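Working notes, structure below.
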Amino acid sequence: MKKKDSYNSSDTNAKLRKRILQLESELSELKNIAFHSADKTKDVSYTHLFEHGPIAYLSLSPEGIILNVNSCMSDLLGYSKQEMLQKSFVSFLTESSKAHLKACFLNFQKEKTIASSIVEFITKDGRILQLLRNGKAEFSKTGEFVATHCVYTDITEQIALQTNIIQTRYEWQIVFDSISLPIMILDPDQLVLYANKAVIDFTGLAEDKIIGEHCYKIFHNSSCNYPPQNCPAKKLLETQSIEQHDTRNV
């Protein structure tokens with residue numbers, strides 16, 4: 001009986017060990033499935049972000065051929081992705097931006113990055129867009145230049161607005177200087193923000209000696225630290241009404 005019991009016990013242990021190995025194998029397989037499933041989920045998420053994210057992306061080969069482009073970039077230029085992939089990058093640029101492409105690639109190879117450079121693109125319908133480019137270069141393990149990876153931001157409207165502001169200020173300055181009477185614009189502390197040409201002619205001071213200086217130091221006394229009691233600008237700030245002062249008596 002003892003031998004039979006011993007035999008049955010050994011047989012049971014062998015079956016248990018076999019079952020444990022099977023369970024370990026099944027658990028390992030489930031872990032692999034879960035791992036690959038998570039990887040696929042990440043890949044789908046990254047692909048979705050790349051394709052439908054709000055940031056325009058474009059990648060070039062060392063020869064300037066478009067290797068990859070996302071929907072944001074192709075939509076911005078009015079093309080389909082198929083119309084851009086494997087095409088020469090320069091075919092989408094203005095002449096001025098084409099001229100800088102070689103220098104851009106040389107900079108990529110040297111610095112391995114490029115920051116805040118403006119590139120002019122021609123859209124499919126003929127409009128010119130000014131895009132701000134930031135990117136990095138990809139190199140192989142042997143150090144060979146493989147590709148560029150750049151993101152683009154459309155700043156066309158901002159540049160147009162800035163240009164309009166500069167033009168408006170220029171036109172305003174012409175009108176301002178055409179007035180024969182001395183005119184200054186002061187801040188609440190009586191610092192000169194703007195002065196027309198008549199002020200410069202009247203005082204005999206250079207513009208950089210007037211702008212940023214207190215008006216009372218210009219018209220009353222260069223050594224005084226406070227406006228005098230008869231200062232019209234001081235009275236104007238106090239009374240909020242028009243004040244007059246004869247500059248011939250300064």
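Read the figures in this text as sums done on the coordinates, not as results from a lab. Everything numeric here is computed off the predicted structure, so don't read it as measured data. Quick reminder, even Gly has a Cβ in these numbers, built from the backbone with ideal geometry, and neighbours come from all protein chains shown.
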Here are some pairs, K209/K235; K102/K136; K81/K110; K102/K124; K197/K217; K81/K124; which of them have Cα atoms lying more than 22 Å apart in this structure? K209/K235; K81/K110; K102/K124
Unit-weight point scatterers at every alpha-carbon of segment 54-159, Debye formula, q = 0.12, 0.15, 0.16, 0.17 1/Å: log10 I(q)/I(0) is -0.36, -0.57, -0.66, -0.74
Nothing charged except the Cβ atoms of Lys and Arg (+1) and of Asp and Glu (-1): what's the magnitude of the dipole of segment 54-159 about its Cα centre? Round to the nearest 20 debye. 260 debye
What is the sum of charges, Lys and Arg at +1 and Asp and Glu at -1, for the other residues whose Cβ falls under 10 Å from the Cβ of I183? 0
Using θ = phi - 60° and the Karplus relation 6.51 cos²θ - 1.76 cosθ + 1.60, list the HN-Hα couplings for segment 75-81 in order, rounded to whole Hz, with x at every Gly or Pro. 5, 4, 8, x, 10, 7, 4
Once amide H atoms are built 1.01 Å from N in the peptide plane, which residues 5 or more positions from N196, or in another chain, come under 5 Å H to H? I183
Mind giving me the nanometre distance, one decimal, between the label points for Q162 and S117, set 7 Å out from Cα along Cα→Cβ? 1.7 nm
For a protection proxy built on the mean count of beta-carbon atoms within 10 angstrom, sort 177-183, 115-121 highest first, please. 115-121, 177-183
